[in-house]
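As structure tokens, the structure follows; a few thoughts come after it.
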Amino acid sequence: MPSLKSLKVRITSVKSTQKITRAMKTVAAAKLRRATDAAVAGRPYAERLEKVMASLASKVQIGPNSPKLLAGTGKDDVHLIIVATSERGLAGGFNTNIVRAARVKADALIADGKKVRFYLAGRKGRAVIRRTYPGMIVHDHDMSHVKNAAFADALAIGRDLIARFEAGEFDVAHLVFSKFQSALVQIPQVLQIIPAAVTKPANDGPVEAASAAVEYEPDEETILAELLPRNVAIQIYRAQLENQAGFYGAQMNAMDNATRNAGDMIKRLTIQYNRTRQAAITTELVEIISGAEAL
């Protein structure tokens, strides 16, 4: 049975942990609002860019002279999976869900006879990918200096990916991240970004700007050559914004659960402490009474 001193030390330790988790919850809640606003504000531009590219792609005859980021390499042998996770933990299953989605995609591609490579952007996916897929990581992008999502980092990653694609290191690239839906829900997403997975605008329904008759100046091929590299960086930046909001939401919930669990543990330890102390007092009283009667 634990001694009174050890129980008191444990209660003090759990109370200190509870203070830390409560403070982390408060900080995550404060950052969540700004991160959510940034993620929501970034969606319209990324979605509109996809529609514009779809409109342009529908007017371009894909051939040998088409941009490589649109037409692809003509092969489908090597797939690169970009795993975007956070640099920090203590966020429940946030990073685990992203890595799980990447593993499901990788296993499906390997089952189809494809070669799979990994490009890591975030520290928390590193250990699992290295252990599960040894020797399949082509690059581990250092994100330790990143406190908030910045387009400059996304642009650097995009340029590196495009350079590797043009060098023939892979044929298709998939971006894995977590889409922020609410503070309680973050949904892992797998998005093909190289070559651009554009769909032709639908002809039914209300006429939108993407499907309206538009004349482009200069020609569509020239515009696509400029937009396609930017689209890669935009999609990566969007993933960073979504991940940032999702991380703070998951961390807020995880720290809230940890704070409540610490409170329950403090109650149980306090009850045990009081019972142990009462038993010790009772034992002392019995000894005193027994000694008095012996006299």
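The values are calculated or read from the model by the stated rules, or taken from the named source; none is laboratory data. From a predicted model like this one, the values you see are computed outputs, not experimental measurements. Reconstructed Cβ throughout: ideal geometry from the backbone, glycine too, with neighbour counts over all protein chains shown.
Quick one: Ala28 ticks every box in (1) assigned by TED's automatic domain parsing to the domain that holds Pro195; (2) under 20 Å from the mean Cα position of the chain (by Cα); (3) not acidic (Asp, Glu) bar one, so which box is it?
So the condition that Ala28 fails would be (1).
Which residues, taken from the stretch 81-97, are in contact with a Leu (Cβ under 7 Å, 6 or more places away or on another chain) and free of Cβ contacts under 8 Å to residues at least 40 places away in the same chain? Walk me through it before giving the result.
Let us first name the residues in the stretch 81-97 that are in contact with a Leu (Cβ under 7 Å, 6 or more places away or on another chain), namely 82-84.
Matches in the stretch 81-97: none.
Tell me, yes or no, whether the stretch 102-125 has at least one residue that is in a loop (DSSP other than H, G, I, E, B), over 23 Å from Phe247 (Cβ atoms) and charged (D, E, K, R).
Taking the stretch 102-125 as the starting set, the residues that turn out to be in a loop (DSSP other than H, G, I, E, B) are 112-114, 122.
Now narrow it down to the ones that are over 23 Å from Phe247 (Cβ atoms): 112-114.
Of the ones still in play, those that are also charged (D, E, K, R) are 112, 114.
Within the stretch 102-125, one or more residues are in a loop (DSSP other than H, G, I, E, B), over 23 Å from Phe247 (Cβ atoms) and charged (D, E, K, R).
Pairs only if they're at least six apart or on different chains, beta carbon under 6 angstrom, first in the stretch 175-189 and over 17 Å from Val83 (Cβ atoms), second surrounded by fewer than 19 Cβ atoms within 10 Å (Cβ to Cβ) and of a type outside the set (S, T, N, Q); list them, first residue then second.
What qualifies is Gln181/Ile187.
Kindly provide the set of residues from the stretch 127-185 that are of a type in the set (Lys, Arg) and over 24 Å from Gly249 (Cβ atoms), ordered by number.
Of everything in the stretch 127-185, those that are of a type in the set (Lys, Arg) and over 24 Å from Gly249 (Cβ atoms) turn out to be Arg130, Arg131, Arg159, Arg164.
Among the residues of the stretch 31-59 satisfying the criterion of being within 28 Å of Phe247 (Cβ to Cβ) and over 19 Å from the mean Cα position of the chain (by Cα), which is surrounded by the most Cβ atoms within 10 Å (Cβ to Cβ)?
Filtering the stretch 31-59 for residues within 28 Å of Phe247 (Cβ to Cβ) gives 31-50.
Among the residues that remain, those that are also over 19 Å from the mean Cα position of the chain (by Cα) are: 44-45, 47-50.
On the way: Pro44: 9, Tyr45: 12, Glu47: 11, Arg48: 12, Leu49: 16, Glu50: 18.
Per the stated criteria, the residue is Glu50.
So, of the residues in the stretch 149-168 that are assigned to a helix (DSSP H, G or I) and under 20 Å from Met136 (Cβ atoms), which turns out to be nearest to the chain's Cα centre (by Cα)? Steps first, answer last, please.
Of all residues in the stretch 149-168, those assigned to a helix (DSSP H, G or I) come to 151-166.
Next, only the ones that are under 20 Å from Met136 (Cβ atoms) stay: 157, 160-161, 163-165.
Values: Ile157: 16, Asp160: 20, Leu161: 19, Ala163: 24, Arg164: 23, Phe165: 24 Å.
Here the answer is Ile157.
Scan Asp171, Asp142 and give me the residue that is surrounded by fewer than 21 Cβ atoms within 10 Å (Cβ to Cβ), over 20 Å from the mean Cα position of the chain (by Cα) and in the same structural domain as Ala245 (by TED's automatic domain parsing).
Numbers: Asp142 fails: over 20 Å from the mean Cα position of the chain (by Cα).
The match here is Asp171.
Hey, does the stretch 37-50 have a residue that's in a helix (DSSP H, G or I), touching a Lys or Arg at 6+ places or on another chain (Cβ under 6 Å) and over 28 Å from Ile187 (Cβ atoms)?
no
In this structure, does Ser86 turn out to be surrounded by fewer than 14 Cβ atoms within 10 Å (Cβ to Cβ), small (Gly, Ala, Ser) and not in a strand (DSSP E or B)? Quick ask: steps written out before the conclusion?
Details: surrounded by fewer than 14 Cβ atoms within 10 Å (Cβ to Cβ): no; small (Gly, Ala, Ser): yes; not in a strand (DSSP E or B): yes.
No: the conditions fail for Ser86.
Checking Asn231 against (1) modelled with pLDDT of 90 or more; (2) part of a helix (DSSP H, G or I); (3) surrounded by 22 or more Cβ atoms within 10 Å (Cβ to Cβ), which test does it fail?
(1)
On the basis of being part of a helix (DSSP H, G or I) and without any contact (Cβ under 8 Å) to a residue 12 or more places away in the chain, does Lys19 make the cut?
Working: part of a helix (DSSP H, G or I): yes; without any contact (Cβ under 8 Å) to a residue 12 or more places away in the chain: yes.
Yes.
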